[in-house]
Amino acid sequence: MPAPPSPLADDRLTDALAARLRTHDWATLDLPPDTALLVAAREEAITHAASGRLQPAATGRAGDRRHAGLRGDATLWLDDPACGAAARALLAGLDQLRVELNRRLLLGLDEVEAHFAHYPVGASYARHRDRFRSDDARVLSLVVYLNPDWPGDAGGALRLHLPEGPQDIAPRQGTLAVFLSDGIEHEVRPATRPRFSVAAWFRQRPRAG
Ligand code: OGA
Ligand code: MN
């Protein structure tokens, strides 16, 4: 049975996102913070974190130990068998969004990967790019934030390093940040409270050579 329509693949949202990405390397979008999918995803993320199912990111699936010391988050991939209904619905919604973005932007996005992330108090992720030198598969990065009532002085911003200067995006529930994986260096600033999110990457088929 096909997944029900997702708030992430809503026509108005995808139109706005595609229009923005035609002229910019990054975008933010807002869903209502009480969107059922986000509320359920937050609950699931907190449950996984409390049960110790999130793993320090540097020892994750990619085995990417280059990131050890650079990042303090713990993650769980949404396609992990330990994940529940909210993770599956999110992944399905992100895949619908992938199809809708391809339709509008002809990006050749072939698949999506995504993980829950939990940054404990004080944790950060140093300035980096999401596309690795050895692997050009990641085209578009997307982060969905899962933190209701995030005070302005709590820190935890996603800081995009743009040619015109740094752009901070608060990790407030309902906010989506989207940017080109190759083009934009970014970092996660430390926060005074636990920070939950889902980070996703829309991938193209890796080019040979
Ligand atoms: C990442 C990342 C940003 C954020 O996971 O690669 O940059 O705001 N996350 O969580
Ligand atoms: Mn990143």
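The values are calculated or read from the model by the stated rules, or taken from the named source; none is laboratory data. On a predicted model such as this, the values are computed, not experimentally measured, just so you know. Here Cβ is always computed from backbone atoms with ideal geometry, including for glycine, and neighbour counts include all displayed protein chains. When the accessible area is computed, the model is the full protein with side chains, heavy atoms only, and any ligands, DNA or RNA have been set aside. Shrake-Rupley method; radii C 1.70, N 1.55, O 1.52, S 1.80 Å.
Listing for the model above:
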{"quantity": "Meets criteria (away from ligand 2 (no atom under 16 Å from the Cβ) and touching a residue at least 60 places away in the same chain (Cβ under 8 Å)) for Gln204", "calculated": "yes"}
{"quantity": "Residues located in segment 159-176, provided they are over 12 Å from Asp130 (Cβ atoms) and either within 11 Å of ligand 1 (Cβ to nearest atom) or touching a residue at least 40 places away in the same chain (Cβ under 8 Å) (or both)", "calculated": "Arg159, Leu162, Gln167, Asp168, Ile169, Ala170, Pro171, Arg172, Gln173, Gly174, Thr175, Leu176"}
{"quantity": "Matching option when the condition is in contact with a Gly (Cβ under 6 Å, 6 or more places away or on another chain) and within 10 Å of ligand 1 (Cβ to nearest atom), among Arg189, Arg129", "calculated": "Arg189"}
{"quantity": "Leading residue by the ranking (most open to solvent (accessible area, probe 1.4 Å)) among those in segment 150-189 that are in a loop (DSSP other than H, G, I, E, B) and touching a Phe, Trp or Tyr at 6+ places or on another chain (Cβ under 8 Å)", "calculated": "Arg172"}
{"quantity": "Search result, residues across segment 126-164 that are within 22 Å of Leu13 (Cβ to Cβ) and either touching a Lys or Arg at 6+ places or on another chain (Cβ under 7 Å) or small (Gly, Ala, Ser) (or both)", "calculated": "Asp130, Arg138, Val139, Ser141, Tyr145, Leu146, Asn147, Trp150"}
{"quantity": "Test result for Asp153, free of Cβ contacts under 8 Å to residues at least 40 places away in the same chain and away from ligand 1 (no atom under 11 Å from the Cβ)", "calculated": "yes"}
{"quantity": "Any hit, segment 42-51, residues being in a helix (DSSP H, G or I), touching a Gly at 6+ places or on another chain (Cβ under 6 Å), surrounded by 13 or more Cβ atoms within 10 Å (Cβ to Cβ) and modelled with pLDDT of 95 or more", "calculated": "yes"}
{"quantity": "Residue within segment 104-112 that is within 16 Å of ligand 1 (Cβ to nearest atom), of a type in the set (A, V, I, L, M, F, W, C) and closer than 22 Å to Thr14 by Cβ present", "calculated": "yes"}
{"quantity": "Subset tally (residues that are more than 10 Å from ligand 1 (Cβ to nearest atom) and surrounded by 14 or more Cβ atoms within 10 Å (Cβ to Cβ)) for segment 132-141", "calculated": "5"}
